[in-house]
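Asker: For reference, the structure I am asking about is given below.
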Amino acid sequence: MSLPELQAQISAVSEDIERQKEVLRRLELNKSLLQRQVNDILDPIARLPVEISSKIFVECLHPFLYTPPPTGIRSMPTILLQVCHAWTDIALSTTSLWTKIHIVLPASRGFPAVLQGWLERARDQPLHLHITIRFGRNEAFDDGVSAVLQRRSGQLQCIDIHLAEHASMSHVPFESTQTDPMPHLQTLRIKSHNNSVCDPSTLLQLLHRAPNLVELSLDFLHIRDATVDEIGAIVLPRLRRLYVARIVAGEGGEIFQFITAPGIEYLALKFVSTLSNDLLSFLKRSSPPLQNLAVDCAECPEPEFLDELLSLVPTLIRLDIGFPDPDLIERLFTILARTHPSRALPILQTIEFQSSAGDEISDASWDHLLPVLVARRNEIRALRVFVLPTYHHDGQPIVATLDQFAPPRVLPALKELAAGGMEFWMGPYEENLFSA
């Protein structure tokens, strides 16, 4: 057989192989379609009312509270589109399945189209975005995602932004030139991996677009030094909860100088190095009906500062203090014991301490604390002292005992207060060592 003849036969066989592949592809497709029809018939979900099956699908979603959900075609809710026709129809008609999405930036080239399709399934429902930004120092932002989100700005209800290492607020997919309001945005949480730089003007531009913000959380940001004269300030009339943690600021860069919040009810200052005069100015400007104050400060405030701070929050019902040193307890309860010219925190009901093992309330501190509890037995309803767990070198937990929290000499008085209705918790979060 000649060479041309052999080449012709090879070509014929190759064509036959391609034809058989196409036949196999059609058979596999038909099998898949038939299997979906079988699933439709056998599937108990398909026999339920759509309202019930939709609720079941929604209950299977990732809770989306503190961590973003997994993404991809094998994750909820996109995996529902691959089971059968009935599940696909139910999933596509259940708008609440598509109201939450995790966006990782930088995104692939085709992601804006995917994002647009996802959000179209949510229709006009409120949206919850979790945005993780992993840009390097010199990477530029592709505004394709920004353009898609801009068209949905009126639906945004909650935005969680996580800045990975080297990312900054300049990478957030909301262009500084955008002015469209986000009237339904209620929650904005920004958390940095490691002191990501935050230009306060960028933050304020975002806040200006959210006049109805209810909760603002800023965690581990490095606030660039700036002044109100440079970038202005903002009033957040509907803000109720403000959480500020591990904020690093240059002198004059404290976030409190840029905002006023006359309706704030909960304020948390966690893992901050010091309490600044900007905080006092913020409280004076806002004059809020603050009910819950949580403070975890490395540097003990001076008595005059603490006195003024407490005088600015007379509506306080609950006071949480993390890792207090004896000086802070002495200064705090000296102020609370005072009755003239006026009593500080007159409607305070709950006091809570959190400490590490070995740093519980000292014996001497009880000399300041106990008289206040006795004098305010009709107002103060609870004292809780929690300790974080500690472990031996072999990994076994160290068992806490009651005498770490209160000396035996004060226990009779505490039990008398407990008999009168005051609540005491002393120990780890899992176990109360105090017994009335």
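What follows is calculated from the coordinates using simple rules that are stated; it is not laboratory data. Since the structure is predicted, the reported quantities are computational estimates derived from the model, not experimental observations. We place every Cβ from the backbone using ideal geometry, glycine too, and count neighbours over all the protein chains shown.
Asker: Would you calculate the separation in nanometres between label points at Ala245 and Ala233, each defined as 7 Å from the Cα along the Cα-to-beta-carbon direction?
Answerer: 2.8
Asker: Quick one: go through the stretch 376-393 and flag any residue whose amide nitrogen is under 15 Å from the point 7 Å out along the Cα-to-Cβ line of Thr339.
Answerer: Backbone N within reach: 376-379.
Asker: So if I take the centroid of the Cα atoms in the stretch 1-37 and the same for the stretch 415-436, what is the distance between those two points in Å?
Answerer: Spelled out, the Cα-based centre of one part sits 79 Å from the other.
Asker: Report the charge-dipole magnitude of the chain in Debye, nearest 20, computed about the Cα centre from +1 at each Lys and Arg Cβ and -1 at each Asp and Glu Cβ.
Answerer: Once rounded to the nearest 20, the dipole reads 1420 debye.
Asker: Run the simple label-point estimate for Arg134 and Ser281 please: 7 Å along Cα→C-beta, distance reported in nm.
Answerer: Reported label-point gap for Arg134 and Ser281 is 4.1 nm.
Asker: Using r as the Cβ-Cβ distance of Glu423 and Ser273, and R0 as 35 Å, what FRET efficiency do you calculate, to the nearest 0.05?
Answerer: 0.60
Asker: Same structure, new question: Give me the lysines in straight-line cross-link reach of Lys100: C-alpha distance below 26 Å, same-chain residues under 8 apart excluded.
Answerer: Lys55, Lys191
Asker: Considering amide H positions built from the backbone, and no H for Pro or chain starts, which residues 5 or more places from Leu239, or on another chain, come under 5 Å of its amide H?
Answerer: Answer set, sorted by chain and number: Gly263.
Asker: Next question, about the same structure. Relative to the longest principal axis of the C-alpha atoms of the chain, give the angle of the C-alpha long axis of helix 3-42, reported between 0 and 90° and rounded to the nearest 10°.
Answerer: Around 50 degrees separate the two axes.
Asker: More than 19 angstrom separation, counting every C-alpha pair in the stretch 291-436; what % is that? It would help to have the intermediate numbers written out before the result.
Answerer: Working: 5478 of 10585 pairs.
More than 19 Å apart: 52 percent of the Cα pairs in the stretch 291-436.
Asker: Ranked highest first by the average count of other Cβ atoms within 10 Å around their residues, in what order do 14-26, 404-416 fall?
Answerer: Numbers: 14-26: 10.0, 404-416: 15.1.
Ranking, from highest mean packing down: 404-416, 14-26.
Asker: Just one of (1) 25.4, 78; (2) 29.8, 117; (3) 32.4, 94 is Rg and Dmax of the Cα atoms in Å as worked out from the coordinates here. Which one is it?
Answerer: (2)
Asker: For every helix of n ≥ 4 consecutive DSSP H residues, a contribution of -39,500 (n - 2.57) applies; sum these over the chain, divide by its total residues, and give [θ] at 222 nm rounded to the nearest 500 deg cm²/dmol.
Answerer: Helices in the chain give a 222 nm mean residue ellipticity of -10000 deg cm²/dmol.
Asker: On to the next question. Report the charge-dipole magnitude of the stretch 291-436 in Debye, nearest 20, computed about the Cα centre from +1 at each Lys and Arg Cβ and -1 at each Asp and Glu Cβ.
Answerer: In debye, rounded to 20, the stretch 291-436 gives about 760.
Asker: Compute the distance in nm between two label points, each set 7 Å from the Cα along the Cα-to-Cβ direction, one at Val114 and one at Ala298.
Answerer: Computed distance between label sites Val114 and Ala298 equals 4.1 nm.
Asker: So, R0 is 41 Å and r is the distance between the beta-carbons of Leu411 and Val214; what FRET efficiency does that work out to, to 0.05? Don't skip to the answer; put the middle values down first.
Answerer: Working: r = 43 Å, r/R0 = 1.04.
It comes to 0.45.
Asker: Follow-up question, since we're still on this one. Quick check on packing: order 327-336, 89-98 by the mean number of other C-beta atoms within 10 Å, highest mean leading.
Answerer: Peptide ranking by packing, descending: 327-336, 89-98.
Asker: Then there is this: What residue among Val38, Ala406, Leu373 has its Cα farthest toward the positive end of the dipole of the chain, where the charges are +1 on Lys, Arg and -1 on Asp, Glu, each on the Cβ?
Answerer: Val38
Asker: For the chain, find the longest principal axis of its Cα atoms and tell me its angle to the long axis of helix 111-122, 0 to 90°, nearest 10.
Answerer: Around 70 degrees separate the two axes.
Asker: Working out 0.36 nm times the residue gap between Glu430 and Asp363, then minus their Cα-Cα distance, what length gain in nm do you get to one decimal? It would help to have the intermediate numbers written out before the result.
Answerer: Details: separation 67, 0.36 × 67 = 24.12 nm, distance 2.38 nm.
Computed gain between Glu430 and Asp363 is 21.7 nm.
Asker: Right, next: Counting DSSP beta bridges in the stretch 291-436, what percent are antiparallel, to the nearest 5?
Answerer: Of all bridge pairs located within the stretch 291-436, approximately 5 percent are antiparallel.
Asker: Subtracting the Cα-Cα distance from 0.36 nm times the residue separation, let me have the gained length for Leu24 to Gln396 in nm, one decimal.
Answerer: Once the chain is fully extended between Leu24 and Gln396, it gains 127.9 nm.
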